[in-house]
1. Name the pairs whose Cβ atoms lie under 6 Å apart, with the first residue in segment 136-163 and more than 14 Å from GLY176 (Cα to Cα), the second β-branched (Val, Ile, Thr), and 6 or more positions between them or separate chains?
2. Which one is farthest from SER30 (Cα to Cα), of the residues in segment 51-72 that are in contact with an Asp or Glu (Cβ under 9 Å, 6 or more places away or on another chain) and of a type in the set (S, T, N, Q)?
3. Determine, yes or no, whether GLU7 is over 26 Å from LEU139 (Cβ atoms) and either without any contact (Cβ under 8 Å) to a residue 12 or more places away in the chain or within 12 Å of the chain's Cα centre (by Cα) (or both).
4. Could we say that ALA57 is more than 13 Å from the chain's Cα centre (by Cα), crowded, with 23+ Cβ neighbours inside 10 Å and not β-branched (Val, Ile, Thr) here?
5. For ASP143, only one of the following conditions fails: (1) in contact with a Leu (Cβ under 8 Å, 6 or more places away or on another chain); (2) of a type outside the set (A, V, I, L, M); (3) closer than 18 Å to LEU74 by Cβ. What is its number?
6. Taking the residues in segment 137-167 that are buried (at least 18 other Cβ atoms within 10 Å of the Cβ) and of a type in the set (D, E, K, R) as candidates, determine which candidate is farthest from LEU114 (Cα to Cα).
7. Write out, first by first residue and then by second, each pair whose Cβ atoms fall under 8 Å of each other, whose residues are 6+ apart or on separate chains, and whose first residue, in segment 34-55, is touching a residue at least 24 places away in the same chain (Cβ under 8 Å) while the second is among the β-branched types (Val, Ile, Thr) and assigned to a loop (DSSP other than H, G, I, E, B).
Amino acid sequence: MAPMTREQVVQKVQDGGSLAGFDLSNADLSYSNLKGANLKGANLKNAHLQNTNLNNADLSEADLENAFLFGSSLQGVNFEGANLTGANLQDTNMEKANLKGVNLSGLSLFGAQLDGANCESANLSKAKMKRASLIETNLRNADLRGTHLQRANLRKADLTNAQLDGAKLLNADLTGAKTQGVDLAGTVQ
């Protein structure tokens, strides 16, 4: 089967069709409107998705290894079970996204907006999250060891039982954050 063109992908989404399980590896879908797309289990390895609108899309179990999502709108996206190894999520809007249990270790999330997102039990160790907005984000049981959170906004975030050893929190705003079971003594302030 021949790979789908960019226009075919966009048209399929606009027509309400499913792309679940499709092979879209290496596709250039940047600046596309894929709002609400069903991409469950899709192969998006090395896909170029810069400034793409994927609001409320289903990317659960999708393979987004090395995908370039810089500046994309990912509000309400379901990423549960997705592979995001090596993905670039810098300056993305992931408000209210579901990232429960997702491995985001070492990823670039500079300036990302994760307000109200579910990051419970997510692995964010050594992620680069300088200037990230995590207002009211669920980070319960999350791994934030060695995470770069300088100037991050963690107001009213739920950090209950999160691991923060070696996290860089210089000028981070933790006003109203829930920190039960958290040892902030091992963080870099």
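The values are calculated or read from the model by the stated rules, or taken from the named source; none is laboratory data. Quick caveat: nothing in here was measured; it's all calculated off a predicted structure. For neighbour counting, all protein chains shown are included, and Cβ atoms are generated from backbone atoms with ideal geometry for every residue, glycine included.
1. Between residues of segment 136-163 that are more than 14 Å from GLY176 (Cα to Cα) and residues that are β-branched (Val, Ile, Thr), the close pairs are ARG140/THR160; ALA162/VAL182.
2. SER60
3. It is true that GLU7 is over 26 Å from LEU139 (Cβ atoms) and either without any contact (Cβ under 8 Å) to a residue 12 or more places away in the chain or within 12 Å of the chain's Cα centre (by Cα) (or both).
4. No: the conditions fail for ALA57.
5. Looking at each condition in turn, ASP143 falls short on (3).
6. Within segment 137-167, the match that is farthest from LEU114 (Cα to Cα) is ARG145.
7. Here the result reads LEU34/THR52, each pair linking segment 34-55 to a residue that is among the β-branched types (Val, Ile, Thr) and assigned to a loop (DSSP other than H, G, I, E, B).
Yes/no matrix, rows are residues, columns are (1) of a type in the set (A, V, I, L, M, F, W, C); (2) over 17 Å from MET4 (Cα atoms); (3) in the same structural domain as ALA132 (by TED's automatic domain parsing):
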site	(1), (2), (3)
SER30	no, no, no
ASN33	no, no, no
ASN38	no, no, no
GLY41	no, no, no
LEU49	yes, no, no
GLU61	no, yes, no
PHE70	yes, yes, no
